[in-house]
1. Identify the residue in the stretch 191-204 that is closer than 18 Å to Leu166 by Cα and in contact (Cβ under 8 Å) with a residue 40 or more places away in the chain and, among all such residues, is farthest from the chain's Cα centre (by Cα).
2. Might you check whether a residue that is of a type outside the set (D, E, K, R), in a loop (DSSP other than H, G, I, E, B) and on the phi < 0 side of the Ramachandran plot occurs anywhere in the stretch 121-134?
3. What number of residues in the stretch 177-227 are of a type in the set (D, E, K, R) and under 29 Å from Arg45 (Cβ atoms)?
4. Scan the stretch 61-78 and tell me whether some residue there is aliphatic (A, V, I, L, M), under 13 Å from the mean Cα position of the chain (by Cα) and surrounded by 19 or more Cβ atoms within 10 Å (Cβ to Cβ).
5. Restricting the search to the stretch 194-227, which residues are touching a strand residue (DSSP E or B) at 6+ places or on another chain (Cβ under 8 Å), assigned to a loop (DSSP other than H, G, I, E, B) and not hydrophobic (A, V, I, L, M, F, W, C)?
Amino acid sequence: MKRILFIIAMLAFAFNAQAANEDWANFKRYEESNQEVKTWPQEKRKVVFMGNSITQNWVSRHGQFFTENGYVGRGISGQTTYQMVLRFYEDVISLHPKAVVINGGTNDIAQNNHVYVEERTFQNIVTMAQMAKAHGIKVILTSITPCDHYTWRKEITDVVEKIKSLNARIKEYAKKNKFQYVDYWTPMAKEDGSMRDGISDEGCHPNVAGYEIMEPLVQKAIKKVVK
């Protein structure tokens, strides 16, 4: 626990200059909603999905999956794991769910707000997982979904290789720590690492058909840890 607190403190310090007059981690995005969710019975907030636009769009495009199952979405478009780890306590732990589904890393690879360093992104995911575990929340880690290029960062040409490498590390970490791991990549990717036809509108973000592939996969993992 001391290591986790130290990492959080160092992350906060590192980004202090950039975030001095800004809500860099976007705590305000779910601030009011979190207060409301805390009043709900746990069956309505038994699992929190933490992530970026993949998670945010999931809620907006196929919201019934969340409302019908007692899931809460906490995705923010464009965010990297550096931002996710900073808001993890407020947007996940403070809601006291039974489990958390963590999906992040693709925006790190896209270098949305910093140079990509795999080890640092991986450690951000590890930190979130360990924070959840320390608070008695079951951990479900997921692969990054397929993407062979970022339309907003066309200069990054080794996207597939980087996603595969990070996915492999997340999977191995989950196995070693006996966390559930959900492999979105395999059923959604073509042989070249791009998204399968018909499940994305631009090659990186799943559409409803894409989410319909993801849902039974994550549901299977949830049912193993949430009774």
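Every number in this text was worked out from the coordinates using simple rules, so none of it is lab data. In this text, all values refer to a predicted model and were calculated from it rather than measured experimentally. Here the Cβ is made from the backbone with ideal geometry for all residues, glycine too, and neighbour counts use every protein chain on show.
1. First, the residues of the stretch 191-204 that are closer than 18 Å to Leu166 by Cα: 191-195, 204.
From what is left, the residues that are in contact (Cβ under 8 Å) with a residue 40 or more places away in the chain are 192-195, 204.
Details: Asp192: 24, Gly193: 20, Ser194: 20, Met195: 18, Cys204: 15 Å.
Result: Asp192.
2. no
3. Count: 8.
4. Yes, the stretch 61-78 contains a residue that is aliphatic (A, V, I, L, M), under 13 Å from the mean Cα position of the chain (by Cα) and surrounded by 19 or more Cβ atoms within 10 Å (Cβ to Cβ).
5. Arg196, Gly203, Asn207, listed by residue number.
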